[in-house]
Amino acid sequence: MSVTVITEHYPAFMARWEADSRGRLERAALELYGERGFEATTVAEIAARAGVTERTFFRHFTDKREVLFAGSARLQELLVTAVANAPDTATPIDAVAVAIDAAGALLNERRDAARQRGAVIAANAELRERELIKLATLAAALTTALHARGVTEPAASLSAEAGIAVFRVAVERWFTDPDTSDLVAVIHESFAELKAVTAGK
């Protein structure tokens, strides 16, 4: 008696491991979120658009929200390292400014994707809340990094929170102003505005 074995068949390009599958999944997700909305997009659709299986999606991301926030750990590490490496003579706010500059330089390389991500988050209340949690986590990490430099409270927390506020405001301007292409320059302008305001000028 013969036995018929039923197997799933995928195109060859889906079956083999692709080195850039994570990047293609990110791009596919942002495209679909922009076209259909975050809620209406499924993991299966993201995987199909990227040309991989759903199993491959879950190798990289725990769920479809994580596509939008997977870079948070890298950003936090960048900020903390930049504060640690700031000159010993730097004031707390200047050490934070060095870190925010580094974050701006990173985002400059991905402006289109960053704008797409920002638009998706702005359109969804749950994602906006998650973004606020992310920013609070980054501020806490900056505070801890300042403590490691010997900065005491409340200077450490105030500097960290101010830096994250500058970052958020600068990124929003970078998103909405078509004539603004350099996020680092916007960050510098925003820090200058903050210093002018606090100096009473």
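Listed values, structure above:
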| quantity | calculated |
| --- | --- |
| Selected residue (only one of 186, 171 is more than 20 Å from residue 73 (Cβ to Cβ), touching a helix residue (DSSP H, G or I) at 6+ places or on another chain (Cβ under 9 Å) and surrounded by 14 or more Cβ atoms within 10 Å (Cβ to Cβ)) | 186 |
| Single residue of segment 106-125 satisfying the filter (closer than 20 Å to residue 40 by Cβ and touching a residue at least 40 places away in the same chain (Cβ under 8 Å)) that is surrounded by the most Cβ atoms within 10 Å (Cβ to Cβ) | 117 |
| Residue pairs meeting the criteria (Cβ under 9 Å; at least 6 apart or on separate chains; first under 15 Å from residue 121 (Cβ atoms), in segment 49-71; second buried (at least 19 other Cβ atoms within 10 Å of the Cβ) and among the polar types (S, T, N, Q)) | 64/41 |
| Lone unmet requirement of (1) surrounded by fewer than 16 Cβ atoms within 10 Å (Cβ to Cβ); (2) farther than 19 Å from residue 115 by Cβ; (3) of a type outside the set (Phe, Trp, Tyr); (4) at pLDDT below 95 for residue 63 | (4) |
| Hits in segment 27-60 - residues which are surrounded by fewer than 20 Cβ atoms within 10 Å (Cβ to Cβ) and assigned to a loop (DSSP other than H, G, I, E, B) | 37, 38, 39, 40, 42, 51, 53 |
| Subset of segment 81-120 [β-branched (Val, Ile, Thr), under 22 Å from residue 140 (Cα atoms) and in a helix (DSSP H, G or I)] | 81, 83, 93, 96, 98, 100 |
| Lone unmet requirement of (1) closer than 20 Å to residue 114 by Cβ; (2) not assigned by TED's automatic domain parsing to the domain that holds residue 134 for residue 47 | (1) |
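The values are calculated or read from the model by the stated rules, or taken from the named source; none is laboratory data. Note that the structure is a prediction, hence the values are computed from the model and not measured. No Cβ is skipped: glycine too gets one built from the backbone with ideal geometry, and neighbour counts run over all protein chains shown.
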